[in-house]
1. Enter the angle in degrees (range 0 to 90, nearest 10) between the Cα long axis of helix A:67-83 and the first principal axis of the Cα atoms of chain A, meaning the one along which they spread out most.
2. Looking only at other chains, what is the average number of their beta-carbon atoms within 10 angstrom of each beta-carbon in B:149-160?
3. Near A:W92, within a Cβ-to-Cβ distance under 10 Å, what is the net charge of the other residues, with Lys and Arg +1 and Asp and Glu -1?
4. Over all residues in B:75-82, what is the mean tally of Cβ atoms on other chains that come within 10 Å of each residue's Cβ?
5. Rg to Rh ratio, segment B:58-162, alpha-carbon atoms and Kirkwood radius?
6. How would A:T107, B:T173 line up from fewest to most surrounding beta-carbon atoms within 10 angstrom?
7. Which residues' amide hydrogens lie under 5 Å from the amide hydrogen of A:A28, considering only partners 5 or more residues apart or on another chain, with H built in the peptide plane?
8. Quick one, what does Rg over Rh come out to for segment A:70-116 if you take C-alpha atoms and the Kirkwood Rh?
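Since every read-out is calculated from the coordinates, none of them should be taken as a lab result. For clarity, every value in this text was computed on a predicted model and none was experimentally measured. Cβ: placed from backbone, ideal geometry, glycine included. Neighbour counts: every protein chain shown.
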Amino acid sequence: MAQRWLPKPGGPVGLKEPVGRRLFDEPALVGATDQKPKQSLDYRHFEETRIPIEVSFDRLGPEGIDRKVVTYLAPIARAHAAARRAKKFGGWVWLKAAQLNSPPKGTAFPVIASPIQPSDPEHAEHNPYHAHTACTGDAHSVALHLQWLFTSQGKMRECKDPRDRVTIGQRISKVGRFLGGLIRWKAAPKK
Amino acid sequence: MICPTAEAILSSHIVQEVRLPTPFGRAATGIDVPTDAPLPAQVARVPTAEVVGPSVSPAGWLQIVERRISNSLQPAGRDYENQGQWLSAETASAATAFFQLTSDVLPGEPHIYSSLVGDLVAEFKAPHGVLNAVISTKAFTALAIIDGSPEETRIEWNAVSSRSVRSTLRSLTAKLCDGEHGSAVAT
């Protein structure tokens, strides 16, 4: 059985590594719920409020996405979501590191490996897959460029909450209810 | 789909206010105006009517967006509950003023929502790309993607005139509607 991939300590982020940005559900304005849903990614997924601006990413595998890495990171991301006032974690949008380091057009965002150690006082969890890009200038500008880069070239990796998952028992009960209804309908006298 | 340039959008919205001459030399508004009073420079005299203008009418979607903004105002004393579903009075006021000033030179109706720091995000779609913008009480920051090429614009409210804001956005909208090299000439 293959082991979960672990990045080399102190090593750079490989150009083929899928680098993901966590997605959290964000509310709409209460007065603007009549708007049509939009197709682009939400600006807020890329907005950083920290100064200096450091946009965090998760390294999701050595070349393609490693499922074990995703399984390891999902509870960390859910805890992060809970810390963000009951927001829900929905997965990642990801790009190859090379696409961020040197995009064909627009601003480049070099990705730096920055694992979070268990001893880090600012972070409760250990995340050896943490990476970031450091940016100067206006936070809105950085977020707008990242939003475009990920919307135009990014891929989605959804991550369902296990609490939302339908169990086998629930599925059996659903099928049972459907069959019961069908039998009652068949048995009912036809007009 | 034919998309007019911003200039065309602007001129299509120009309203000519026509005052019909009255028998007693009075303006149709009912205000007594001496017939020999000098006309303002922008008022043109035509044989059958006095044309005042041009004045620009706002985009059709402006009222809808204004309503969405005013309906999203944060109730007093509930700051701690705001997760992005409400706008502060300052942001709402800045965004409303911005749309009132520029609605006719923007690509179309925006999709709006609040940023994490409470500014207003407005996203526009056009035939040749998108315009994503953040409107705060201090500045307007936008990234236009015109045929796949990004073009950033930043306007500080205290550093520019309203004419300059409109002119910048009109030029951006023209590129978004017609492409970087303008509309193709029909043959």
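1. In chain A, helix A:67-83 runs at an angle near 90 degrees to the longest axis.
2. On the way: counts 2, 9, 1, 6, 1, 4, 0, 0, 0, 0, 0, 0.
Partner Cβ neighbours, averaged per residue: 2.
3. Values: positive: A:R21, A:R22, A:K155, A:R157; negative: A:D58, A:E158.
Net of charged neighbours comes to +2.
4. Numbers: counts 1, 0, 0, 0, 0, 1, 1, 2.
Taking the mean over all residues of the peptide, I get 1.
5. On the way: Rg = 13.9 Å, Rh = 14.3 Å.
My calculation puts Rg/Rh at 0.97.
6. Working: A:T107 18, B:T173 27.
Starting with the residue having the fewest Cβ neighbours, the order is A:T107, B:T173.
7. It is none; the list stays empty.
8. Numbers: Rg = 14.0 Å, Rh = 12.9 Å.
Reported Rg/Rh (Cα atoms, Kirkwood Rh): 1.09.
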